[in-house]
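Worksheet: the structure to be examined is printed underneath.
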Amino acid sequence: MLNAILQAIGLSSKDERRQFERYPVTSPIEVTVDGMAHNCIIDNVSVGGLRLEPPVDAVPGTDLTIKHPASGLNLNGQLIGNDTGGSRVSFNSSEAGAVVSVWLRMMHEQQSGEPHAE
């Protein structure tokens, strides 16, 4: 709540560096980097990007394509970074990211029966 107030008046907490709220989802996805496809699971999603498990073997800054084969979703992004558990990816378009974020959250709710927290 405090972060929302600080953001509304143009300030932000030093501890909060994320621009968009993240939502937990679990969905299989295909990530293509330099022509090689990797099967991953989305761990969380926001308007700005998502977190994948396991980590994608590429250096930060690498362009990639995110595909959800069951739905036909196809979106371009960029690898932001890796840690031992996964990769952080930013979407190239925040408009597309907003659509994808909502779509993935709705799909997750339907599969799990759990509504997302606002």
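The values are calculated or read from the model by the stated rules, or taken from the named source; none is laboratory data. Source: prediction; values computed, not measured. Every residue, glycine as well, gets a Cβ built from its backbone with ideal geometry; the counts of neighbours run over all protein chains shown.
Here are some notes:
- Conditions (1) closer than 26 Å to residue 109 by Cα; (2) among the acidic types (Asp, Glu); (3) surrounded by fewer than 17 Cβ atoms within 10 Å (Cβ to Cβ); number of the one not met by residue 43: (3)
- For residue 110, the conditions (1) modelled with pLDDT of 75 or more; (2) in contact with a strand residue (DSSP E or B) (Cβ under 8 Å, 6 or more places away or on another chain) are fulfilled apart from (2).
- Test: residue 34 is at positive phi, charged (D, E, K, R) and exposed (fewer than 14 other Cβ atoms within 10 Å of the Cβ): yes
- Lone qualifier among 69, 28, 24, 54 - being surrounded by 14 or more Cβ atoms within 10 Å (Cβ to Cβ) and more than 11 Å from the chain's Cα centre (by Cα): 54
- Qualifying position, being at pLDDT below 75, of a type in the set (A, V, I, L, M) and over 18 Å from residue 24 (Cα atoms), among 96, 117, 70: 70
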